[in-house]
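Here's the structure we're looking at; comments come further down.
The values are calculated or read from the model by the stated rules, or taken from the named source; none is laboratory data. Quick caveat: nothing in here was measured; it's all calculated off a predicted structure. Don't worry about glycine lacking a Cβ; one is built from the backbone with ideal geometry, like all the others, and counts go over all protein chains shown.
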Amino acid sequence: MTEHEKLLSGAEYDYRDPEIQDMIISAKMLVRKLNDTDIPSEQHKIVTELLGSIGGASVVMPPFRCTYGRHISIGDNVTINMNCTFLDSNLITIGDRVLIAPDVKIYCGEHSIDADKRFGVREDGTKYLISTTRPVTIGNDVWIGGNATILPGVKIGNNVIVGAGAVVTEDIPDNSLAIGVPAKKLPQHSMSIILHLSLQ
């Protein structure tokens, strides 16, 4: 397998592999262009080139940051607000009618908890950072609040609300509310109770 194929399979891979570095450099150039223009039509054109796919009536507001771009797929009627960071070292799949607030971060990459296993050694004796990855999937009709963080391997179901500042470390089922650090899952009808209490 190539290092890129290893990356997508979740196996250990060499981040400094030339093919991978070419992908990263290409994405950086497009991200820079996206963040340097205020013209919506030009932004959409760049985003279409940068991402794996983007559906109808979807918007990515700059500034926006990602690692590869091509690993990100976005459905229809999605709004990704300003200053979001998607470290797409694996696939990030976002469904339809998803609202992502400012400063949201999605991470796919991981390193070993054991510090002795974070670096490998090439045949020439040089070291390389060992990374593994897991995909992130977000369903339809999801609202992710500002400054939320979604960690590797998480699957967020349909009709989910992720509260502002939440850190999502595990899967969130359909029709749920997730709040806190780490995020705790509540039935979505809990939202009315929380709003009621906050107004008293």
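Just one residue in the set Ala166, Ala115, Ala101 is modelled with pLDDT under 95 and among the aliphatic types (A, V, I, L, M); that residue is Ala115. Regarding Arg122, is this residue farther than 30 Å from Thr37 by Cβ and modelled with pLDDT of 95 or more? For Arg122, the condition - farther than 30 Å from Thr37 by Cβ and modelled with pLDDT of 95 or more - is not met. Taking the conditions (1) part of a loop (DSSP other than H, G, I, E, B); (2) at pLDDT below 95 in turn, Tyr128 satisfies each one other than (1).
Of all the listed residues (Ile144, Ile150), the sole one being out of contact with any Leu (no Cβ under 9 Å at 6 or more places or on another chain), hydrophobic (A, V, I, L, M, F, W, C), modelled with pLDDT of 95 or more and within 30 Å of Gly55 (Cβ to Cβ) is Ile150. Just name the residue that is surrounded by the fewest Cβ atoms within 10 Å (Cβ to Cβ) out of those in the stretch 14-65 that are polar (S, T, N, Q) and out of contact with any Pro (no Cβ under 9 Å at 6 or more places or on another chain). Among them, the one singled out is Ser41.
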